[in-house]
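Right, one structure below, let's go through it.
The values are calculated or read from the model by the stated rules, or taken from the named source; none is laboratory data. From a predicted model like this one, the values you see are computed outputs, not experimental measurements. All Cβ positions, glycine included, derive from the backbone under ideal geometry; neighbour counts span all protein chains shown. Surface areas here come from the heavy atoms of the whole protein model, side chains and all, with no ligands, DNA or RNA. Shrake-Rupley method; radii C 1.70, N 1.55, O 1.52, S 1.80 Å.
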Amino acid sequence: MTPSSVAVRELPLFPLPEVVLFPSRPLPLHVFEFRYRIMMNTILEHDRRFGVLMVDPVDGSIANVGCCAEIVHCEKLPDGRMKMLTIGQQRFRVLDYVREKPYRVGLVEWIEDDPMSGNLSTLAVDAKQILMDVVSLSAKLADQPLELPDELPDLPRELSYWIAGSLYGVAEEQQALLELQNTQERLRREVDILTSTRNHLAARTALKDVFK
């Protein structure tokens, strides 16, 4: 166990291919498999929480670190399927599997970031600025308005979760960010990812301008 562990509990688990959930980030779901419909009906009668774990689409392996999701809205369809909106809560590490049928239930420990050392506000401001550049360049390439939400987090840890949850098509990198327990290191990695993306988009934008 890590020093940042605060509790251990059993948690129903929902493995999803290339999906990585982060604290405070929304995750809409369409539940159609029978075993997971059973799971969700059981959860709705209790604390409405379950764990989301990323499944590697190549080898089918299931990540050991995930994020707890809370169901905030559920629509049950006539054929038994469910449409729901969930929100990410605490991160967790699977210590063991209690059972695997009809759905997985794990014994998990909650994990948190280590206490922050120093002021990360400058790093957070840099990350926000590069993110704004990426959005601006993306909007120019797509010829349509794209804007960041007004409620973008100011606190470094919450901002790091927001950025990580908004990355697209890089599930393995997102999983690595989820597993980090250092806010500064997570933000630095995100700055590197966003800077690389910004440079790529800037080059494409320059080409677009030339061929205009």
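Computed values, structure above
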| item | result |
| --- | --- |
| Per-region count, region 41-69, residues among the charged types (D, E, K, R) and open to solvent by less than 60 Å² (accessible area, probe 1.4 Å) | 2 |
| Flag for ARG186 being open to solvent by 20 Å² or more (accessible area, probe 1.4 Å), of a type outside the set (Gly, Ala, Ser), under 20 Å from ARG25 (Cβ atoms) and in contact (Cβ under 8 Å) with a residue 12 or more places away in the chain | no |
| Filter result (aliphatic (A, V, I, L, M), open to solvent by 50 Å² or more (accessible area, probe 1.4 Å) and part of a strand (DSSP E or B)) within region 88-135 | LEU95, VAL98, LEU107 |
| Strands (runs of 3 or more DSSP E) lying entirely in region 5-55 (those with 3 or more residues that are of a type outside the set (S, T, N, Q) and out of contact with any strand residue (DSSP E or B) (no Cβ under 6 Å at 6 or more places or on another chain)) | none |
| Single match in SER196, SER138, SER160 (criterion: part of a helix (DSSP H, G or I), surrounded by 13 or more Cβ atoms within 10 Å (Cβ to Cβ), more than 19 Å from the chain's Cα centre (by Cα) and among the polar types (S, T, N, Q)) | SER138 |
| Filtered residues of region 91-102 (kept if in contact with a helix residue (DSSP H, G or I) (Cβ under 7 Å, 6 or more places away or on another chain), closer than 13 Å to PRO12 by Cα and at pLDDT 95 or above) | none |
| Any hit, region 164-171, residues being farther than 20 Å from LEU21 by Cβ and assigned to a helix (DSSP H, G or I) | no |
| ARG37 vs. criteria over 20 Å from TYR161 (Cα atoms), open to solvent by 60 Å² or more (accessible area, probe 1.4 Å) and out of contact with any Phe, Trp or Tyr (no Cβ under 6 Å at 6 or more places or on another chain) | no |
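Listed here are the residues, each with its yes/no results for (1) touching a Phe, Trp or Tyr at 6+ places or on another chain (Cβ under 6 Å); (2) modelled with pLDDT of 95 or more; (3) of a type in the set (D, E, K, R).
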residue	(1), (2), (3)
ASP59	no, no, yes
ASN64	no, yes, no
ILE71	no, yes, no
CYS74	no, yes, no
VAL108	yes, yes, no
ASP113	no, no, yes
VAL125	no, no, no
